Amino acid sequence: MRSPFSPAELLLLVFAVALVLVFIHVGILSVAFEKLGLSQSSVFLLLFSSLFGSAINVPLFMINAERPPADVLQQRVRGLLRLPVAEFTGKTIVAVNVGGCLVPLGFSLYLMGARPLPFAHVVMGVATVALVARIMSRPIAGLGIGMPILVAPLTAAVVSLLLNFEQSAPLAYISGTLGVLIGADLLRLGDIRKLGAPFASIGGAGTFDGIFITGIVAVLLA
């Protein structure tokens, strides 16, 4: 049976697993989640549900899409990892990623209910990060939406510290993750037709995409 992952994707998944183990070993992730009030068992549950959920995409709907110029597609095949160009059929399947969207969304809702966060602060934090993510994100032909990885966590951390210093850690996680989902994914749905990608996933590749890293880095900085 043919593997659903390309060699590059398998390599990235192995790297992600190794990175998780290294982070746990040095205590970086533990420090981040301790600031959110999580127990060690809850930390492992969240980490590995995000990791393995990153391999699961739930299809939502299909849209007609445009084929980008051939020279634009060739520009993205650079660097050490040369990703294979998937066949474009004129349709794009839009899906939601479990590890990169549903898990952080569920955890953000949990934090909103478990911590004393004023709703106005949550709205302002999420809206600010979403606006920055919308401005800084760019459609990448044949791939999806890209954004500088540290922009969102820095924005989330600064805004959360200004809005609510005492609850800055959970507010930073919520603002960072939901802000990126809204600004770089949902508000960019209109650009999917121009990407020429056969598949587009809300939440990206999952665990170690911008959304996961945004949440962790934002908490560490807040």
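The values are calculated or read from the model by the stated rules, or taken from the named source; none is laboratory data. Since the model is a prediction, treat every value here as computed from it, not as a measurement. For neighbour counting, all protein chains shown are included, and Cβ atoms are generated from backbone atoms with ideal geometry for every residue, glycine included.
Key figures
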{"quantity": "Meets criteria (of a type in the set (A, V, I, L, M) and not in a helix (DSSP H, G or I)) for Ile149", "calculated": "yes"}
{"quantity": "Number of positions in region 130-157 that are among the aliphatic types (A, V, I, L, M) and either in contact (Cβ under 8 Å) with a residue 60 or more places away in the chain or in contact with a strand residue (DSSP E or B) (Cβ under 8 Å, 6 or more places away or on another chain) (or both)", "calculated": "11"}
{"quantity": "Matching entry among Leu186, Leu154, Leu161 (being under 18 Å from Ala65 (Cβ atoms), at pLDDT 85 or above and assigned to a helix (DSSP H, G or I))", "calculated": "Leu186"}
